[in-house]
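Have a look at the structure below, then the notes.
The values are calculated or read from the model by the stated rules, or taken from the named source; none is laboratory data. Fair warning: this is a prediction, and the values are worked out from it, not measured in the lab. When we count neighbours, we look across all protein chains shown, and the Cβ atoms used for this are built from the backbone with ideal geometry, even at glycine.
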Amino acid sequence: MNLAIIPARFGSKGLPRKNVSLIGNKPMIQYSIEAALQSKYFEDLVVSTDDMEVKKISSELGVPKIFHRGSRLSQDDTSMVEVVVDVLEKYKKKEGEFPETFVLLQPTSPLRTSIDIDNSYEILKKRKSKSLISVSLMHEHPYECLIEQKKGWTYLETPKEKFYRRQDYSNNYFFINGAIYMLNTSFFLENKSFIIEGKSVLYKMPKNKSIDIDNKSDLDIVKLFIENNNKFS
């Protein structure tokens, strides 16, 4: 059995009530719920929340399992690792065993689809890996990023050659976009981490599907994509 996990707490500093903010006449969390339910590889779904409105939306959409997230795990400084461990332990208590693989789907990535989830799973299995993260090309290239120091500055990544055109830059720099974290459950519980350097494989997503909504500007951009029927190709 494979399990999709959607965490959605009530509080949010950057954008209050963001999980239920409307995007194209749907609450934001609905996009992740629908993506999880449409996946052909993840047979079960848990929404973990302390939010009564999220519980209502989840129930109406047919989410099979809604776990209450206690106040201890709903603070600004609560780690996502703690939240997922709590979900997995409750799941085992209810089902008698842990899921073989789980995928963490944060509601703040509403442009991620079931196709992305299923493609990620196929990569995970093909590569015989126990951890996968979704990434996108960096918006700002490291050759143009600087680190300020006490005695001046240095490049984030020093160009090995003298480039005059951005097209000549190396294209192997990515950022973790937060849309998909997929792991073997035993591996996760042993390492208590979603990302293991050198072991986590990558699922590459285009920039227009990689927006992680943190503030109103991000929300407005996603609304624009969806309300204009963007195909996210």
Does Ser58 satisfy the criteria of being without any contact (Cβ under 8 Å) to a residue 60 or more places away in the chain and either in a loop (DSSP other than H, G, I, E, B) or of a type in the set (Ser, Thr, Tyr) (or both)?
-> yes
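Yes/no matrix, rows are residues, columns are (1) touching a residue at least 24 places away in the same chain (Cβ under 8 Å); (2) part of a strand (DSSP E or B); (3) not aliphatic (A, V, I, L, M):
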| position | (1), (2), (3) |
| --- | --- |
| Glu82 | no, no, yes |
| Pro99 | yes, no, yes |
| Phe102 | yes, yes, yes |
| Ile117 | yes, no, no |
| Ile133 | yes, yes, no |
| Ile147 | no, yes, no |
| Ile176 | yes, yes, no |
Considering only segment 116-153, state which residues are of a type in the set (S, T, N, Q), surrounded by 11 or more Cβ atoms within 10 Å (Cβ to Cβ) and over 30 Å from Asn2 (Cα atoms).
-> none
Is segment 89-98 home to any residue that is at pLDDT 95 or above, within 19 Å of the chain's Cα centre (by Cα) and either in the same structural domain as Ala36 (by TED's automatic domain parsing) or of a type in the set (Ser, Thr, Tyr) (or both)?
-> no
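Could you tell me whether segment 93-108 includes any residue that is among the hydrophobic types (A, V, I, L, M, F, W, C) and over 22 Å from Ala8 (Cα atoms)?
No, because not a single residue in segment 93-108 is among the hydrophobic types (A, V, I, L, M, F, W, C) and over 22 Å from Ala8 (Cα atoms).
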Listed by first then second residue, the pairs whose first member lies in segment 193-206 and is more than 17 Å from Ser79 (Cα to Cα) and in the same structural domain as Glu122 (by TED's automatic domain parsing), whose partner is assigned to a loop (DSSP other than H, G, I, E, B) and charged (D, E, K, R), with beta carbons under 9 Å and at least 6 positions apart or on separate chains, are Lys199/Lys130; Ser200/Lys130; Val201/Arg127; Met205/Arg112
Tell me which residues, restricted to segment 28-71, are under 15 Å from Leu105 (Cα atoms) and polar (S, T, N, Q).
-> Gln30, Ser32, Gln38, Ser39, Ser48, Thr49, Ser58
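For residues that are touching a Ser or Thr at 6+ places or on another chain (Cβ under 6 Å) and modelled with pLDDT of 95 or more, scanning just segment 179-197, find the one that is farthest from Leu132 (Cα to Cα). Can you show your working first?
Looking only at segment 179-197, we keep the residues that are touching a Ser or Thr at 6+ places or on another chain (Cβ under 6 Å), and these are 179-180, 182-184, 196.
When the remaining residues are screened for being modelled with pLDDT of 95 or more, the result is 179-180, 182-184.
Details: Ala179: 11, Ile180: 8, Met182: 5, Leu183: 6, Asn184: 9 Å.
Applying the filter and picking the extreme gives Ala179.
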Scanning segment 4-25 for residues that are more than 21 Å from Lys209 (Cα to Cα) and either touching a Ser or Thr at 6+ places or on another chain (Cβ under 6 Å) or not assigned by TED's automatic domain parsing to the domain that holds Phe102 (or both) gives Arg9
Say we look at segment 26-53 and pick out the residues that are of a type in the set (Phe, Trp, Tyr) and in a loop (DSSP other than H, G, I, E, B); which of these is nearest to Ile213 (Cα to Cα)?
-> Phe42
Tally, over segment 118-156, of residues that are under 26 Å from the mean Cα position of the chain (by Cα), of a type in the set (D, E, K, R) and either modelled with pLDDT under 95 or not assigned by TED's automatic domain parsing to the domain that holds Lys192 (or both) | 1
Do the conditions hold for Asp220, that is, is it outside any helix (DSSP H, G or I) and either under 18 Å from the mean Cα position of the chain (by Cα) or modelled with pLDDT of 90 or more (or both)?
-> no
